[in-house]
Each structure stands twice: as C-alpha cells, then as structure tokens.
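Read the structure below first, then the notes.
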Amino acid sequence: MSRGWSKSLDPLGRRPVCALPAQPATCSREARMTTRDRAALDRQLAGIRERFSGTLSLAASNLKTDEAVTLDAGMLLPTASTIKVCILAEVFHQREEGRLRLDERIEMQARDQVGGSGVLWRLNSGLQPTLYDLCMLMIIKSDNTATNMLTDRVGGVGIINRRMRDTYGLAETSYHSRVDFEAIGNDVRRFAESTPYDLMRLMAMLARGEVVSPQASREMLAIMQRQQYLDQFPRYLNYNPYAEELGLVSTMRVQNKTGFFPGTGVDIGVVNLPEGVDIAYAVFAHASRDHTVAAESEPYVINGLVGRALIEYWWPGDDPAEALLPTPYVAE
C-alpha cells in the first residue's frame with residue numbers, strides 16, 4: 001500500500017535490538033536466549049519491544065495446544081494492507097452465495113488505477129483480469145488497484161465491515177476507505193484499523209477451515225501461501241517458498257499477508273510446522289522512527305525477530321535451529 005517514503009534514520013532507529021556480531025559483549029541476555037521455556041520467551045519479547053522505537057503489539061496462538069502469546073493484543077492500530085484478507089474473505093463469501101464467480105472478468109478502467117504497491121497501475125487500461133486474478137494480486141503483491149476493484153465489486157467497505165463484525169465477531173476491525181492516498185494522507189489509520197487479537201482470531205479461523213467453508217478456507221490459504229513479501233514475520237525462518245516447485249521437502253509452510261506504510265509494518269498469517277503444529281499470528285510494529293522501505297527497515301526487522309522467537313519457542317522438534325536463519329541482531 002505504501003507511497004511517499006521519507007528520508008529515514010538508520011535501519012533500527014538508532015536503537016538496535018542487539019549489537020552486531022562484532023560487538024557481542026553488548027548483546028542482552030534475552031537476545032542470547034536459546035532455551036524454550038515460556039518465561040524466557042516473555043523476557044525475549046519484552047527485550048525486543050524495549051528496543052523498538054515505536055509501539056509493538058502482537059497476538060499469536062499455537063492451535064494444537066491453545067497456548068497464546070500476547071503483547072497489548074487489544075490495542076487498536078492501523079492494519080495497513082493486512083485488511084485485504086478481509087476483502088478476500090468477502091469475495092469468497094459472495095462466491096459461496098452465488099453472487100459472483102471467480103472466473104468473472106472485469107475490465108480495468110484508467111479511473112481504477114491507483115499507485116503504491118502492486119503492478120496493475122503500471123499496465124495499460126483495458127486489461128480484463130478475472131476476480132481470481134485480482135484476489136491473487138491483492139494478496140501476493142498487495143496490489144492497490146486490485147484492492148479497489150474488488151472492494152467495488154463486492155459492494156463497498158460497509159459490506160466488508162458488516163461481514164467481519166456480524167459473521168466473525170471482529171468488532172474492532174474497520175475498513176475505512178478504498179485505497180485513496182489523498183484521503184489517507186499521512187495517517188494510515190484512515191485506511192483501516194484493527195487489533196492484533198482480532199486479526200489473529202481471523203487467521204485461526206482460516207486455519208481451522210471456519211471462514212466461509214473448509215474448502216474456501218483452503219483456497220484462501222493457498223493464495224496467501226504465494227505471498228511474495230516475506231520480509232517481516234518469516235524473515236528469519238528457514239522457509240523456502242519455492243520448495244514445491246523445486247521438488248524439495250519443506251519443514252514448514254507460511255501463509256501470510258503483510259502491510260507497510262512509513263513507520264509501520266504489520267504481518268498476519270498461519271505457519272504450519274511439523275507434527276500438526278499450526279501457529280496463527282498477527283504482529284504490528286507501528287510508529288517507528290524509521291520511515292524507510294529499506295531491507296533493514298526497523299519495523300520489518302522487529303517483526304522478523306518476533307517471528308523467529310515464536311517459532312523457536314513452538315518448534316516441535318528437538319532442535320529449533322533447523323527452523324531458523326541467522327540474524328545479526330541475535331547472538332548465537
């Protein structure tokens with residue numbers, strides 16, 4: 001969704017989560033944590049939050065054991081583009097109700113095209129993508145033009161909000177506006193808001209096959225598995241999104257949707273681990289002093305460290321190291 005990035009501070013807002021390997025003596029005890037007890041995890045997450053220049057909130061659940069990990073999970077925050085999963089759900093609901101077909105084609109008009117993330121605004125008008133094509137682009141490329149076309153096709157933001165509230169009980173989730181940068185301005189809250197708890201619950205319902213239907217939930221997760229933005233929660237996970245195409249065995253599967261805006265990074269999703277362990281999560285890093293979209297942007301790194309800590313904690317095997325990638329922000 002992002003547009004109009006401004007000049008930033010250094011990648012971690014001059015408050016690094018942990019010193020780089022050249023200075024291991026300054027690393028915190030939490031950053032060196034390798035044991036998988038809950039108290040140690042809580043200390044590690046508190047250390048990550050303390051070093052973040054903004055507000056860190058999260059909700060995550062091990063769906064096999066029902067154990068939850070939260071940090072200010074009821075805080076109302078901007079969702080950035082993660083709200084697009086709610087649009088996806090409405091599309092699949094209307095397909096189930098016979099009100100639309102995923103192979104239906106819509107002609108893209110010049111007035112539909114909006115900048116920011118995605119590719120459709122760079123293409124010539126007159127293109128006729130299917131609704132399925134638009135769903136795929138909205139999720140895996142966070143395409144803003146696809147988002148607006150789908151929002152219009154299902155009847156507008158009010159329809160989506162009512163579905164989330166009345167069907168799924170997501171009382172704190174509000175999609176305020178189509179992607180319109182003049183209306184949103186510098187306040188990403190004008191686009192959409194929710195809480196980590198609400199969006200984690202939506203991810204858990206998807207994982208359990210409770211969104212629309214079991215088949216529709218599987219189809220939506222299959223789209224999310226094609227996600228091309230893997231720089232937040234899965235950032236430090238040993239995950240190969242191309243394993244299936246390459247004929248490789250993967251130890252995990254990630255199905256997620258990210259959102260980003262200057263100073264904000266959000267990631268929601270489901271991670272499937274061995275032994276039937278499924279993790280539903282929503283993590284929000286907001287109001288960072290780092291407004292870049294650089295590879296080491298502070299919100300992305302922070303969310304990646306959260307993801308690494310949670311997967312290390314919940315990894316069902318004897319050695320969680322096989323599931324993790326090294327990071328200069330954690331001393332091994």
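Any read-out appearing in this document is the output of simple, stated calculations on the displayed coordinates, not a laboratory observation. It should be emphasised that the depicted structure is a prediction, and the values quoted were computed from it without experimental measurement. Here Cβ is always computed from backbone atoms with ideal geometry, including for glycine, and neighbour counts include all displayed protein chains.
The table below gives the values:
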{"read-out": "C-alpha center-to-center spacing [segment 262-332, segment 94-131] in angstrom", "value": "32"}
{"read-out": "Residue-span extension gain [L102 to S250] - 0.36 nm each, minus C-alpha spacing", "value": "50.3 nm"}
{"read-out": "Dipole moment magnitude, nearest 20 debye, the chain about Cα centre, only Lys, Arg, Asp, Glu C-beta charged", "value": "600"}
{"read-out": "Between segment 198-232 and segment 66-82, the Cα center-to-center distance that results, in Å", "value": "16"}
{"read-out": "The chain: calculated mean residue ellipticity at 222 nm from DSSP helix runs of at least 4, using -39500 (n - 2.57)", "value": "-10000 deg cm²/dmol"}
{"read-out": "Relative compactness, the chain, computed as alpha-carbon Rg over 2.2 N^0.38 Å", "value": "0.97"}
{"read-out": "Order of D180, D187 under a 10 Å beta carbon neighbour criterion, fewest first", "value": "D187, D180"}
{"read-out": "Listed peptides 67-76, 54-63 by packing density, highest first (mean Cβ within 10 Å)", "value": "54-63, 67-76"}
{"read-out": "Label-point gap, in nm, between Q215 and L230 - each point 7 angstrom along Cα→Cβ", "value": "3.0"}
{"read-out": "At R0 = 30 Å, FRET efficiency that the Cβ-Cβ distance of N124 and D152 yields, to 0.05", "value": "0.90"}
{"read-out": "R111-D42 pseudo-label distance in nm [points 7 Å out on the Cα-to-Cβ vector]", "value": "5.6"}
{"read-out": "F181 paired with A321, simple spin-label distance in nm, labels 7 Å along Cα-to-beta-carbon", "value": "4.6"}
{"read-out": "5 angstrom amide H check on H291, placed H, neighbours 5+ away", "value": "L9"}
{"read-out": "Relative contact order (%) - criterion: Cα under 8 Å, at least six apart; region: the chain", "value": "27"}
